[in-house]
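Step one of this worksheet: look at the structure below.
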Amino acid sequence: MSQSIESVLTEKRVFKPSREFSKQAKIKNFAEYKKLYDESIKNPEKFWGKQAAELLWNKKWTKVLDWKAPFAKWFVGGKLNVSENCLDRHLNGPRRNKAAIIWEGEPGEKRTLTYHQLHREVCIFANILKRNGVKKGDRVLIYLPHIPEAAIAMLACTRIGAIHTVVFGGFSAESIKDRLADSGATCVVTADGSYRRGQAVTLKQNVDRALEGNTAVKRVIVFRRANMDIHITEGRDVWWHREADYVTADCPPVPLDSEHPLFILYTSGSTGKPKGILHTTGGYLLGSLLTTKYVFDIREEDIYWCTADVGWITGHSYVVYGPLALGATSLMYEGAPNWPQSDRFWDIIARYGVNIFYTAPTAIRSFIKWGDEWPAKHDLSSLRLLGTVGEPINPEAWMWFYEKIGGGRCPISDTWWQTETGAHMITPIPGATPLKPGTATLPFFGIDAAIVDDNGKEVGPNEGGKLVIRKPWPSMLRTIYGDKARYKKQYWSEVKGCYFTGDGARRDKDGYFWIVGRIDDVLNVAGHRLGTAEVESALVAHEAVAEAAVVGRPDEIKGQGVVAFVTLKTGIKATEDLSEKLRKHVGAVIGPIAKPDEIRFAEALPKTRSGKIMRRLLKQIAAGNAVTGDTTTLEDFSVLAKLRASDE
Ligand code: WTA
């Protein structure tokens, strides 16, 4: 970590957008950005009220913001429908037959859905939901591969006012179970299976396991993707394609209150189980639409590709809602970037003529490792703009992306945001913002970001502190589903009057934000959030484990790797075999991304006299560094000595 801080502190390179790029961009120079930004901060309600005209409203709102901190209502009294905004409004003009979604399956199948076709599929599926008893306000859990049906199912929910909760296809049965219980979902949409690196992956089987003992779920709708043999529970499970025979393609969108819940998406926090982040209709849609428009500077004829899975917020906002609300063409690819070989992404870019490419630093670090020869084999000249998200990008990875993929001509939008923020918060505006490798640069319009010390006072240039947002914004989370108290405590109690992001950062003399990373007990593994407490709970649930402490350590590809310090119950032997079993166990409980890279057995964990595990020490040990700093509160010094000895 300290090395990367030093390298960014000395970062001097600045890349201005080319004149050619700026000339055609929506925001053409820095002065234009600054003027609009200043106005948006001086009078946010006026700004957002004006921008809300970008959406199609069935009934105009009467008040832009009702703010009873920390609870916000945006566009009060307004009514609209998300699927109508993403589909119907594009049907009466030249976009009708434009590609809305271009999809490629991992085995190589190709599908294009025009706006007309996508609209039709969404109406059919909305009717299937209705036919199966789903009503406005009901929760629908979606557990699908990265296929167009994921977008279709999400949009169908929005069409009838059902609330979706998408669970990433890589998560386990246990994770689905938790999310079903917390959301109270009554319907599950899944597929028989999917493909990953040539292997068929079971999905329906995980749903079956998650549903053991569940009485709330009345229907499971199964899409046939992988021609797998699956178990059908009569009276509960139905096939998507069979249901389609019973419904029409006529399903008018239901006008919904601007604050009607749109979706719940679970994400890791610093304690316990993942929390359900609740987003609502009007504000979220406005945020995803505006950022897609300005940050990706999409033109009518562009092919835009965001590589995220719909199971994450990036897939929600930048595969589905933002691009479709804007009437853009969104490309979806189902599988792994190195299947059948390490140039799959570059092959896709060349074959479809992708213009805008949005991916994650962890993927970029893998590309670098795989070698320059893979992108070099392909014509990437269609690319005009690049983007990254998920974690701080190392300046060297930024340079590689800029040169080897962007050919030195494409600006990079390094976008900082979170599941909770719904949309980009700190990001370059590509035609306007001079770029420096490694920084997400400056706040988006209407976003009042600041770095403060422990007392909430703004710090000076290059001083580190907590990243906070000082004003509400339309696409902010409204609450943690079913837990207002936790919402208040988690986000609005750390720094008075501000939304606390959980990230540490500093601003340089130009006001650019350099994100250092999480300062709470959340890890960022390959751009995915993982709570140390979640992994610890999974470990302790294993019969052999007495106690566990999980920390991150720097990892060249994943950003952070997971190291678990584990003490065993009396009489149980620490073996290689057990270590492998525990890794598998965590994979089964949470999902493969949570598997510890290393399990270290210890006789005891270092604790303070009050019994708190001293993670700081464990982090240093996990990273292979000498233990420094204050250890005077350590309860038993011999513990530390033993942990270090086991290291040698
Ligand atoms: C980190 C993903 C630096 C950050 C959209 C944040 C980033 C967490 C960036 C949210 C970036 C995301 N630069 N750090 N451009 N983007 N992060 O909820 O720590 O999965 O708090 O949302 O990822 O992760 P989440």
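The values are calculated or read from the model by the stated rules, or taken from the named source; none is laboratory data. Treat the numbers as computed from the prediction; the structure is a model and nothing was measured. Note that we place each Cβ from the backbone using ideal geometry, even for glycine, and neighbour counts take in every protein chain shown. Quick note on the areas: whole protein, heavy atoms, side chains included, nothing else; ligands and nucleic acids left out. Shrake-Rupley method; radii C 1.70, N 1.55, O 1.52, S 1.80 Å.
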The stretch 327-364: number of residues that are away from the ligand (no atom under 16 Å from the Cβ) and either crowded, with 23+ Cβ neighbours inside 10 Å or under 12 Å from E104 (Cβ atoms) (or both)
18
Any residue in the stretch 171-194 that is farther than 18 Å from H146 by Cβ sitting within a Cβ distance under 6 Å of a residue that is surrounded by fewer than 24 Cβ atoms within 10 Å (Cβ to Cβ) and acidic (D, E)? List the pairs, counting only those 6 or more apart or interchain.
T186/D138
Would you pick out the residues in the stretch 613-639 that are open to solvent by 20 Å² or more (accessible area, probe 1.4 Å), farther than 30 Å from F171 by Cα and not in a helix (DSSP H, G or I)?
G624, N625, A626, V627, T628, G629, D630, T631, T632, T633, E635, D636
Scanning for something in contact (Cβ under 8 Å) with a residue 60 or more places away in the chain, surrounded by 14 or more Cβ atoms within 10 Å (Cβ to Cβ), within 25 Å of Y321 (Cα to Cα) and among the small types (G, A, S), does the stretch 14-24 turn up at least one residue?
no
The stretch 506-539, subset more than 21 Å from L617 (Cβ to Cβ) and acidic (D, E), residue farthest from the ligand (Cβ to nearest atom):
D510
Mind listing whichever residues of the stretch 417-443 are within 16 Å of the ligand (Cβ to nearest atom) and touching a helix residue (DSSP H, G or I) at 6+ places or on another chain (Cβ under 6 Å)?
T419, G422, A423, H424, T427, I429, P437, G438
Output the qualifying pairs, or none if there are none: Cβ atoms under 8 angstrom, residues six or more apart or on different chains, first residue in the stretch 491-507 and touching a residue at least 40 places away in the same chain (Cβ under 8 Å), second residue more than 11 Å from the ligand (Cβ to nearest atom) and among the polar types (S, T, N, Q).
G502/S270; R506/N462; R507/N462
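Pick from E547, E494: which is away from the ligand (no atom under 16 Å from the Cβ), open to solvent by 10 Å² or more (accessible area, probe 1.4 Å), charged (D, E, K, R) and touching a strand residue (DSSP E or B) at 6+ places or on another chain (Cβ under 6 Å)? Give the derivation first.
Values: E494 fails: away from the ligand (no atom under 16 Å from the Cβ).
The conditions single out E547.
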Here are Y294, Y318, Y266: which of them is under 17 Å from the mean Cα position of the chain (by Cα) and open to solvent by 20 Å² or more (accessible area, probe 1.4 Å)?
Y266
How many residues, within the stretch 457-470, are touching a residue at least 40 places away in the same chain (Cβ under 8 Å) and surrounded by 17 or more Cβ atoms within 10 Å (Cβ to Cβ)?
4
In the stretch 612-640, residues that are modelled with pLDDT of 75 or more, in contact with a strand residue (DSSP E or B) (Cβ under 9 Å, 6 or more places away or on another chain) and over 12 Å from V551 (Cβ atoms) total 3
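Which strands (runs of 3 or more DSSP E) does the stretch 108-219 wholly contain that include 1 or more residues that are at pLDDT 95 or above and open to solvent by less than 30 Å² (accessible area, probe 1.4 Å)? If you could, list the steps in order and put the result at the bottom.
On the way: elements: 110-114, 139-143, 163-166, 187-191, 193-196, 199-202.
Fully inside the stretch 108-219 and qualifying: 110-114, 139-143, 163-166, 187-191, 193-196.
Right, F401: more than 10 Å from the ligand (Cβ to nearest atom), of a type in the set (A, V, I, L, M, F, W, C) and closer than 16 Å to D297 by Cα or not?
Values: more than 10 Å from the ligand (Cβ to nearest atom): yes; of a type in the set (A, V, I, L, M, F, W, C): yes; closer than 16 Å to D297 by Cα: no.
It is false that F401 is more than 10 Å from the ligand (Cβ to nearest atom), of a type in the set (A, V, I, L, M, F, W, C) and closer than 16 Å to D297 by Cα.
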